[in-house]
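These notes are about the structure you will find just below.
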């Protein structure tokens, strides 16, 4: 899909929004807007009954939050310069975007059959509910999942960076590992999603609430390769302290770490992530007795990098980060979901105490 395809759809009458008649009127010579020589993508006539209204149009194949915002500003500048009405034409307009367009007095139609046409005092047509017929792929499958999400997560720990290398260094210091090219690609998507603001090489967190929402939407439990339950023969009181001596990756799950960040009784068994179960069994041979009944310890084997990122030292086994704890709790049962709100507030409070301020 290209902008020329959208133009052809306008030309052939494939963009419809009953009861309106939408027709391509053409493209005219350049005119001046805000000191620059610009030319809009198209002019569109929209007819209703015996009347026809002329619009100046901006075409966008895929409108990310940033390009959507910029497209509105661009078409409004065209409208001011031409004294025509502004129109955005794209492949898909979600309900919330149609509402934003209506609030700005900007019309918008898509190739999926949704749209809003605003002519103050005369016409208001609002049609939604048709699914996106042109879903877009991204260079990275989902920047809010897996190793790529470490780039997003690190902005909830430190809200601003002077360069791409600085972001990568911060991730490394907190136990993660990503390539410089991945950091660069993810930063571009975060900017497009209006999660961060970029100026030159610098990056700054813009909307922590939106970032948390997108991490929540993208969250998937870690892929588990093995899981075992044990009794601790030396007495449960010494379990955390003894396992805390393990030099390799071992961290309590987010759900098991809840008492570090919120008031909620947790299960008796301590649940931990580890990269390999076998070495732990060998190291604590004689102290661990495999038993699914009334266990003191559950080991969950996974190499998912997100669960080992930004671990917090406690007396004994490290706790998962507040963010990992929140992600696991909000995806759990009602009791866990209720506790997750306390953890979420803590994340935002720590962010503000670290220097972030609403813009």
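Residue ranges 282-295, 153-166, 10-23, 99-112 sort as 99-112, 153-166, 10-23, 282-295 when ordered by packing (mean number of other C-beta atoms within 10 Å per residue, highest first).
Here r is the Cβ-Cβ distance between residue 80 and residue 130 and R0 is 30 Å; the resulting FRET efficiency, rounded to 0.05, is 0.45. Subtracting the Cα-Cα distance of residue 267 and residue 348 from their residue separation scaled by 0.36 nm leaves 26.5 nm.
In percent, rounded to a whole number, the relative contact order of the chain is 12, using alpha-carbon pairs under 8 Å and six or more apart. The long axis of helix 3-12 is offset from the longest Cα principal axis of the chain by roughly 50 degrees. Once divided by 2.2 N^0.38 Å, the Cα radius of gyration of the stretch 3-127 becomes 0.96. Rounded to 0.05, the FRET efficiency of the residue 201 and residue 337 pair, given R0 = 45 Å and the Cβ-Cβ distance, is 0.70. The calculated P(r) of the stretch 66-188, using every Cα pair and 10 Å bins from 0, goes 12, 30, 21, 23, 12, 2 in percent.
Whole-percent P(r), the chain, all Cα pairs, 20 Å bins from 0: 25, 42, 24, 8, 0.
In plain terms, the chain from residue 67 to residue 96 could stretch by 8.9 nm, reckoned as 0.36 nm per residue minus the Cα-Cα distance. Modelled spin-label separation between residue 177 and residue 238, with each label point placed 7 Å from Cα along the Cα-to-Cβ direction: 3.5 nm.
Relative contact order, whole percent, for the stretch 146-218 stands at 34, derived from Cα pairs under 8 Å and 6 or more residues apart. In this label model, residue 278 and residue 50 are separated by 8.6 nm, measuring between points 7 Å along each Cα→Cβ vector.
Legend: Rg and Dmax of the stretch 146-218, from Cα coordinates, 10.8, 29 Å. When the helices in the chain are scored as -39500 (n - 2.57) per DSSP H run of 4 or longer and the sum is shared across all residues, what 222 nm value do you end up with, to the nearest 500 deg cm²/dmol? Mean residue ellipticity at 222 nm (helix-derived): -10000 deg cm²/dmol.
Taking the convex hull of the alpha carbon positions in the stretch 273-327 and averaging its projected area over all directions gives 4.8 nm². Taking only the Cα atoms of the stretch 226-353, the ratio Rg/Rh comes out at 0.98, with Rh defined as the Kirkwood radius. Dividing the mean sequence gap of close Cα pairs (under 8 Å, 6+ apart) by how many residues the stretch 3-127 holds gives a relative contact order of 20 percent.
Computed extension gain for residue 225 through residue 294, at 0.36 nm per residue and net of the alpha carbon distance, reaches 22.6 nm. As a rough guide to protection, the peptides 311-322, 248-259, 120-131 ranked by mean Cβ packing within 10 Å, highest first, stand as 248-259, 311-322, 120-131.
Between residue 5 and residue 103, the FRET efficiency from the beta-carbon distance, with R0 = 41 Å, is close to 0.90.
Taken together, the values in this text are just the output of simple stated rules run on the coordinates, not laboratory data. No experiment lies behind these values; they were computed from the predicted model shown. All Cβ positions, even for glycine, are placed from backbone atoms using ideal geometry, and neighbour counts span all protein chains on display.
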